[in-house]
1. Per residue, what volume in Å³ does the Cα convex hull of the chain take up?
2. Could you list the chymotrypsin sites (Phe, Trp or Tyr not before Pro) in region 282-356 that lie in coil according to DSSP, counting only those with at most 12 other Cβ atoms within 10 Å of their Cβ?
3. Please state the Cα pair-distance histogram of region 98-147 with 5 angstrom bins from zero: what percent is in each bin?
4. Label-point separation (nm) for Glu226 and Gln371, each offset 7 Å from Cα along Cα-to-Cβ?
5. Using only the Cα atoms of region 67-204, build the gyration tensor, take square roots of its eigenvalues as a ≥ b ≥ c, and label the shape rounded, prolate or oblate: rounded if a/c is under 1.5, else prolate if a/b is larger than b/c, else oblate.
6. Loop only by DSSP, 10 or fewer other Cβ within 10 Å of the Cβ. Give me the trypsin sites (Lys or Arg not before Pro) in region 345-439 that pass, ordered by residue number.
7. Where Lys and Arg each count +1 and Asp and Glu each count -1, what net charge lies around Asn386 among other residues with Cβ under 10 Å from its Cβ?
8. Keeping all protein chains in place, calculate the accessible area per residue for the chain (probe 1.4 angstrom), answer in Å².
Amino acid sequence: MSKRSADSLSRRNFVQTVAAGAAIVGVHSQLPVARSQSPNEKLKIAAVGAAGRAAADIDGVSGEQIVAIADVDSKFLEQGVAKYQGANGYRDFRQMLEKEAENIDAVVVGTPDHTHAPASAMAMRLKKHCYCEKPLTHTALEARTLTDLARENKLATQMGTQIHAGSNYRRVVELIQAGAIGPVKEAHVWVGVDYSGGKFTTGTPAPANLDWDLWLGPAAERPYSEGVHPFNWRKFWAFGTGGLGDFFCHYVDLAHWALDLKYPTKVSAKGSPVDPVSCPSWAIVDYDYPARGDQPPVHLTWYDGGRKPELLKTLKDEKGQPIDWRSGQLFVGEKGMLLSDYGRHVLLPVEKFVDFERPEPTIPESIGHHQEWLKAIRDGGETTCNFGYAGPLTEAVMLGVAAYKSGETIEWNGDEFEITNKPELASLLHKEYRKGWTL
């Protein structure tokens with residue numbers, strides 16, 4: 001098992017290095033595990049990121065003690081530190097974690113996608129419990145690395161797919177697992193988003209409040225570009241993965257949960273023409289998942305950029321009107337179908353389920369997505385979106401990206417972390433970090 005940092009991998013030795021599925025786990029910190037907590041003692045938490053989703057995540061754990069906040073934008077950092085009395089402010093999360101290591105129990109990561117893994121991995125090597133926004137990482141190898149670190153260090157983790165805590169998803173899972181529509185062999189997931197049109201600009205200096213070099217993090221060095229920070233980085237391959245990255249973990253989460261999915265065995269994709277800089281205006285990605293116990297194999301298709309499953313055009317509501325949801329999940333079973341989104345679901349065809357008796361609820365209501373994580377830190381329990389679950393979900397995102405970029409069908413051995421049919425595509429499972437940044 002290699003102990004080298006991920007950025008030192010050459011393309012030539014990548015496949016051999018990661019074939020066992022647990023490579024690049026790094027040298028474990030010798031610092032002590034976070035202090036034992038009494039039920040009434042507040043956890044000490046550091047935050048990486050101060051605005052947007054990061055601000056919402058800090059708020060979600062604000063009943064604890066916010067010890068430190070790091071953000072590359074001084075305006076956001078000042079706002080965050082002002083809100084949480086006594087919190088120390090840092091521009092560089094690496095400095096924050098080094099200086100505050102003896103004083104914190106856990107870390108919340110809410111940065112752009114390309115810095116999720118470096119921040120989370122550093123925190124976990126310091127034996128800190130970790131909450132990280134979705135998608136968990138920016139590459140498949142990063143996802144596997146965080147999964148391994150969480151398990152090996154026995155840490156409480158949670159990926160920020162907050163909708164997982166909602167009641168609607170729980171009721172859908174209960175219906176599917178109770179056999180309401182019979183065995184499911186087909187599923188469709190679509191989201192009407194378009195993160196295309198990313199173009200780098202040059203010639204304009206970064207604003208004084210933004211440390212552009214720190215914002216780039218492990219990404220390749222390049223001049224400041226307007227229109228990237230704070231939101232549109234999602235359009236750029238260097239920092240995000242378009243619609244797949246922004247919504248797959250939210251919407252396909254339900255399919256992974258309800259159908260007990262983990263690693264796909266085959267992934268193929270198509271979409272708008274591949275651009276080296278910008279994410280696509282639309283993509284359709286097909287995933288094949290193997291049988292699980294007595295559950296049959298599943299073919300799942302992802303659509304974004306306005307594309308939707310053809311089957312959706314045939315569906316009618318209780319008034320006989322066409323159903324055309326902007327985003328949703330459609331499970332196709334032997335006895336019927338189930339259509340859902342974040343807040344609603346319906347069994348189809350409607351007339352077949354008029355007298356259907358729902359199963360009694362079996363999945364307890366969530367105490368809150370952030371609260372689940374805090375409780376797990378205190379009592380050693382599990383969260384519903386721990387990195388053992390969220391890692392494979394995120395790997396599926398990145399396999400879709402690899403299939404789209406390459407134009408090839410990928411046959412995947414998830415247990416061995418290996419592309420079996422096209423080993424030359426292994427370079428798409430990770431990226432080189434620039435000097436000073438490690439996984």
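The values are calculated or read from the model by the stated rules, or taken from the named source; none is laboratory data. Source: prediction; values computed, not measured. We place every Cβ from the backbone using ideal geometry, glycine too, and count neighbours over all the protein chains shown. SASA here: full protein model, heavy atoms, side chains in, ligands and nucleic acids out. Shrake-Rupley method; radii C 1.70, N 1.55, O 1.52, S 1.80 Å.
1. On the way: hull volume 63.7 nm³, N = 439.
Taking only Cα atoms, the chain has a hull volume of 145 Å³ per residue.
2. Values: sites: Trp282, Tyr287, Trp302, Tyr303, Trp325, Phe331, Tyr342, Phe353, Phe356; in loops: Trp282, Trp325, Tyr342, Phe356.
Here the sparse-neighbourhood loop sites are Phe356.
3. Bins of 5 Å from zero give 5, 24, 34, 22, 11, 5, 0 percent of pairs.
4. 4.6
5. Values: a/c = 2.07, a/b = 1.51, b/c = 1.37.
Note, shape of region 67-204 comes out prolate.
6. On the way: sites: Lys352, Lys375, Arg378, Lys405, Lys431, Arg434, Lys435; in loops: Lys431, Arg434, Lys435.
Of the trypsin sites (Lys or Arg not before Pro), the ones in loops of region 345-439 whose Cβ has at most 10 other Cβ atoms within 10 Å are Lys435.
7. Cβ neighbours under 10 Å give a net charge of -1.
8. Numbers: 18170 Å² over 439 residues.
Spelled out: the 1.4 Å probe surface of the chain, per residue, equals 41 Å².
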